[in-house]
Structures are given as structure tokens and as C-alpha cells.
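The values are calculated or read from the model by the stated rules, or taken from the named source; none is laboratory data. All values derive from a computational prediction rather than experimental measurement. Because the Cβ atoms are built from the backbone with ideal geometry, glycine has one as well, and the counts that use them run over all protein chains shown. Surface accessibility is based on the protein's heavy atoms, side chains included, excluding ligands, DNA and RNA. Shrake-Rupley method; radii C 1.70, N 1.55, O 1.52, S 1.80 Å.
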Amino acid sequence: TLLNAYDQLKFQELSTKGDAKSLAVLEEIKKYDTQAATISQPLDQQPIDFTRVDWVKGKLKAMSQVDQLVRFTLIDAPKKNHFDAEQTAEFNSQLVAKLAGVDALNTGVLTALLKVYDWFKISTFGAEAENNAWLLVQHADQKPELQRQVLARLEKFYLVGEANPQHYAYLFDRVAVNQPDPSRGVLQRYGTQGKCNSAGTFVPFPVQDEVHLDQWRAEVGLGLEADYIKFAEKMVCSPPSSAQ
């Protein structure tokens, strides 16, 4: 959505007062809102039709593009604009709220679509749409039951070529580490989930079996864990100034 009424009034107030630092933050918020609307509005103006494969493919693409836009804006904008600590905190506060809204909206639409389709099979929707749907599920952390439901479906479909096996692996690990009750959970299997430490190093969460880790990764088309750690450090712990 574009700037709401409060944001517009605040923008005008800051313009009048000449508060350059806060105005720069609102300018970036406005830029994000405009870009998100440009992506979403064309499809939003069409009739909703879950039975049309082309509409579903377009909707999944638009939702995934906004998903990536808000996340990379959150990472990139403070650095590109040389925000100070106060500006960064103000910007992050607003963008994190928008990210939560994007994820909630996307998850709601995806949940409705998954009542019509078991999954967005590659033979019907194509690899791009299947990838877009997986990305949205991967980020649906506020709905762990949906992630578990989709994981069970992916386990069936990737074995017959209707889903990317790497998507199954990433979602398996996501579900494992996001288990709200650790006593009932299992360790991740493929080593895809982890966190950045203070030194900027990516540290994977514990895995089921370190000895067989690379073998299991190879079975789903993933490279060596050591190479993945280097990639994650570059992309997650020290992300580039602009995203693909």
C-alpha cells in the first residue's frame, strides 16, 4: 500500500519543518510503497479466479516479488542512504512492520490457494511458479502448521518430479528449527538453517548427522555444506549493497 494518511501528514510536516534526517527515512518508505504497489496493483485489478492457472502463476509471482522487495529494502536502504543509527532504527521499525504485513497477506492468499491445489506442480504451473510458492511457504513462519502441511505434500511431489527437491530440504530444516516445542522437534537434516554471529560468520544450527550431511545434501541437489556456509556468510551475514 502507498503511504497512509498519517504518513502523508507526517511527510508534509517534516517537509515544512525541514527535518532532513527523518524526511530521508520517509522518502525511502514512500519509495518502497510505490514499488510494492507497482508490482501488486495490475493483478489486484483483475478478477480473482483460483481456477485459472495463469492468474495463479501471476499472483504467486507478484507476491514473491513483494516478499523479496521488502526484505532487500530492509537490508539495503540504510546502507545505500548512509543512515545514522537513529535513522536506521526508525526505518527498520517501519519496514519490519510492513514485512509482517506482507507475510501475513501472502500467507493468507497461499492458504486459500492450497485448499484448491495440493501443490503448484511443475507439470502444470512450471518451475518458476513452484519456486515462488515455496518461497512464500518458507517465509510463513507465523503459520507453522501450514509449513508442516506443505512439507508433507512436498515429500510426495519431489519424489515424482513435481517439486524441486531442494525446496523440500529447505522446508524440512525450517520446520525442524521452528518447532515451538523443542522437546517434540527434530534436528535439521540438510544444514540450511543457521544464524550469523558477531564476527559475521554463518553458524548452522545442529544437524541430525554431520557424517552423512553432505551425502544427504547431494541427494536433493545441494552442494557441500562448507560451500553453503561461505555463500550464506556473503549473502546473509554480509549482504551485498544491492540484491538480485
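Each of Ser93, Ser22 has its accessible area taken with a 1.4 Å probe; listed largest first, they run Ser93, Ser22. For the range 138-143, 3J(HN,Hα) computed residue by residue from phi via the Karplus equation (6.51, -1.76, 1.60; θ = phi - 60°) reads 4, 9, 8, 5, 6, 10 Hz, glycine and proline entered as x.
Here the calculated FRET efficiency for Asp227 and Asp19, from their Cβ-Cβ distance with R0 = 45 Å, stands at 0.45, rounded to the nearest 0.05. Element breakdown for the range 125-226 at a 1.4 angstrom probe: carbon and sulfur atoms account for 53% of the accessible area. Near Cys196, the amide H atoms lying under 5 Å from its own belong to Val203; only residues 5 or more places off or on other chains count, and H is placed 1.01 Å from N. Here the range 70-215 is assigned +1 on the Cβ of each Lys and Arg and -1 on the Cβ of each Asp and Glu. Its dipole about the Cα centre then comes out at about 260 debye. Look at the dipole of the chain built from charges on Cβ: of Val102, Phe83, Phe202, the Cα furthest out on the positive end belongs to Val102. The phi torsions of the range 109-122, fed into the Karplus equation with coefficients 6.51, -1.76 and 1.60 and a -60° offset, translate into couplings of 5, 4, 4, 5, 5, 6, 7, 9, 10, 4, 6, 8, 4, 4 Hz, rounded to whole numbers, with Gly and Pro shown as x.
Taken per residue, the accessible surface of the chain reaches 54 Å², heavy atoms only and a 1.4 Å probe. Dividing the convex hull volume of the alpha carbon atoms of the chain by its residue count gives 142 Å³ per residue.
Calculate the FRET efficiency for Gln65 and Gln215 from the Cβ-Cβ distance with a Förster distance of 51 Å, rounded to the nearest 0.05. Once the sixth-power term is evaluated, E becomes 0.90. Taking only the C-alpha atoms of the range 61-156, the Rg (one decimal) and the largest Cα-Cα distance, Dmax (whole number), read 15.8, 50 Å.
State to the nearest 20 debye the size of the charge dipole of the range 23-116 about its Cα centre, where the only charges are +1 on K and R beta carbons and -1 on D and E beta carbons. That gives a dipole near 420 debye.
Based on C-alpha pairs under 8 angstrom that are at least 6 apart in sequence, the chain has a relative contact order of 13 percent. Rg and Dmax of the range 11-124, based on Cα coordinates, read 17.4, 58 Å.
Rounded to the nearest 20, the size of the Cβ-charge dipole of the chain about its Cα centre is 280 debye, with Lys and Arg at +1 and Asp and Glu at -1.
The modelled label-to-label distance between Glu145 and Leu187, using points 7 Å beyond Cα along the C-beta direction, is 3.0 nm.
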